[in-house]
Amino acid sequence: MYSKFFDNAAPLPFHLHHRQEHAELVGKRSKPEAYFFPTQMNDHLGEFPYTFFGLHPEVTRKQLAQRLRRFQEGGDNQITELARAYRVSLGTGWDVPAGLLHAPASVCTYEPQSASDVFAMAESWSNHREVPNELMWKDVPEGRQGDIEFILDLIDWDLNQDPLFFTRRFTPPIETSVSAQAAGAGSGYRERWIAYRSDSFSAKELTVGPGTAVTITEDDAYGLITIAGRGSINGQHLATAHQIRFGQLSHDEFFVTAEAASGGVAVVNSSPNEDLVVLKHFGPGNDELRREWHGVAQAAEEAALRL
């Protein structure tokens with residue numbers, strides 16, 4: 001897996017990523033992903049701060065097929081009329097399994113994902129321009145090119161029409177148990193799970209208060225990127241990148257090996273007045289998340305019900 005940011009002025013087209021059995025037909029792997037919307041990177045929400053996920057429960061296979069066929073004709077097939085839109089709430093996120101139709105919002109988004117780029121476009125007009133028809137068929141086997149029924153089979157219908165989709169896929173940040181226990185001792189830091197519903201990856205947000213030094217221990221290797229503040233990590237300079245020129249190096253990204261993670265990583269916030277905020281992404285099988293899963297799932301459901 002890896003993580004990235006995407007930041008678009010307008011929303012992206014309605015599309016899906018293949019489930020494993022379909023990705024294997026073209027020699028690729030499935031692409032589950034997750035979204036997190038950092039407050040530090042979103043002083044403007046673009047043209048359309050809403051994400052379309054899934055389909056209305058009453059949408060039929062025939063209705064969707066009609067919209068997909070209109071893709072071939074050019075113009076706007078207006079497929080998102082069949083979908084549900086959710087307003088982006090900064091500081092939260094979503095789990096986006098493979099097989100789910102979705103059209104990401106015009107919001108700067110941190111995206112942990114499986115290392116794949118398999119997809120099928122379903123919307124013919126987006127971002128003020130026509131979407132090329134060939135993008136629907138990019139990852140379709142040669143013998144099924146032009147076969148709308150194959151595209152319909154890529155869709156996980158139970159997932160797309162789940163009446164409890166919000167409760168099961170919305171991911172409010174959930175504080176880790178270690179962080180919650182440390183808070184009582186005035187630790188000066190907070191760590192929260194921000195991607196935790198996928199078997200393929202997970203992610204955390206670490207916030208270290210001004211002038212605070214902490215040692216963070218993990219069970220697993222991870223990558224990290226700093227999105228606010230400055231300081232150091234195990235004595236190496238750590239700073240958010242703001243304005244750098246092409247070819248210049250930054251000090252905002254690090255990889256922490258499993259050995260270093262288990263031994264403890266010293267994180268220092270050298271600012272007297274600004275939080276140091278770090279996003280951390282993990283591969284599959286995070287041991288800490290496995291241990292905490294029931295508590296995390298219950299806290300996420302309770303948080304969603306409070307909104």
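The values are calculated or read from the model by the stated rules, or taken from the named source; none is laboratory data. Note that this is a predicted model, so its numbers are computed, not measured. Glycine gets a Cβ as well: all are built from the backbone with ideal geometry, and neighbour counts include every protein chain shown. With ligands, DNA and RNA removed, areas are computed over all heavy atoms of the protein, side chains included. Shrake-Rupley method; radii C 1.70, N 1.55, O 1.52, S 1.80 Å.
Things worth noting here:
- Conditions (1) in a loop (DSSP other than H, G, I, E, B); (2) under 20 Å from Met41 (Cβ atoms): number failed by Gly231: (1)
- Looking only at the stretch 68-98, and only at residues there that are at pLDDT 95 or above, in a loop (DSSP other than H, G, I, E, B) and polar (S, T, N, Q), the one that is most open to solvent (accessible area, probe 1.4 Å): Gln78
- Residues that are more than 23 Å from Lys280 (Cα to Cα), in contact (Cβ under 8 Å) with a residue 40 or more places away in the chain and open to solvent by 30 Å² or more (accessible area, probe 1.4 Å), drawn from the stretch 30-51: Leu45, Glu47, Phe48, Tyr50
- Among residues of the stretch 181-198 being more than 22 Å from Gly263 (Cα to Cα) and modelled with pLDDT of 95 or more, the one that is most open to solvent (accessible area, probe 1.4 Å) is Arg197.
- Here Asp162 meets each of (1) modelled with pLDDT of 95 or more; (2) part of a helix (DSSP H, G or I); (3) under 27 Å from Phe52 (Cβ atoms) with one exception, condition (2).
- Among the conditions (1) in a helix (DSSP H, G or I); (2) open to solvent by less than 30 Å² (accessible area, probe 1.4 Å); (3) among the acidic types (Asp, Glu), Glu205 misses just one, which is (1).
Rundown of residues vs (1) assigned to a helix (DSSP H, G or I); (2) β-branched (Val, Ile, Thr); (3) open to solvent by less than 70 Å² (accessible area, probe 1.4 Å), yes/no style:
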position	(1), (2), (3)
Ala261	yes, no, yes
Ala266	no, no, yes
Asn273	no, no, no
Leu279	no, no, yes
Pro284	no, no, no
Arg291	yes, no, no
His294	yes, no, no
Ala297	yes, no, yes
Ala300	yes, no, yes
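- Some residue of the stretch 130-137 being without any contact (Cβ under 8 Å) to a residue 60 or more places away in the chain, open to solvent by 20 Å² or more (accessible area, probe 1.4 Å), closer than 12 Å to Leu55 by Cα and not hydroxyl-bearing (Ser, Thr, Tyr): no
- Criterion: of a type in the set (Asp, Glu), within 30 Å of Val26 (Cβ to Cβ), under 22 Å from the mean Cα position of the chain (by Cα) and surrounded by 15 or more Cβ atoms within 10 Å (Cβ to Cβ) - qualifying residue of Asp117, Asp220, Asp156: Asp156
- Looking across Ala103, Ala65, one residue alone is over 23 Å from Ala300 (Cβ atoms), hydrophobic (A, V, I, L, M, F, W, C), under 14 Å from the mean Cα position of the chain (by Cα) and open to solvent by less than 10 Å² (accessible area, probe 1.4 Å). It is Ala103.
- Residues of the stretch 13-29 satisfying the condition of being touching a helix residue (DSSP H, G or I) at 6+ places or on another chain (Cβ under 7 Å) and either at pLDDT below 95 or not in a loop (DSSP other than H, G, I, E, B) (or both): Leu16, His22
- Sole exception among (1) under 21 Å from Gln40 (Cα atoms); (2) modelled with pLDDT of 95 or more; (3) exposed (fewer than 15 other Cβ atoms within 10 Å of the Cβ) for Ile244, by number: (2)
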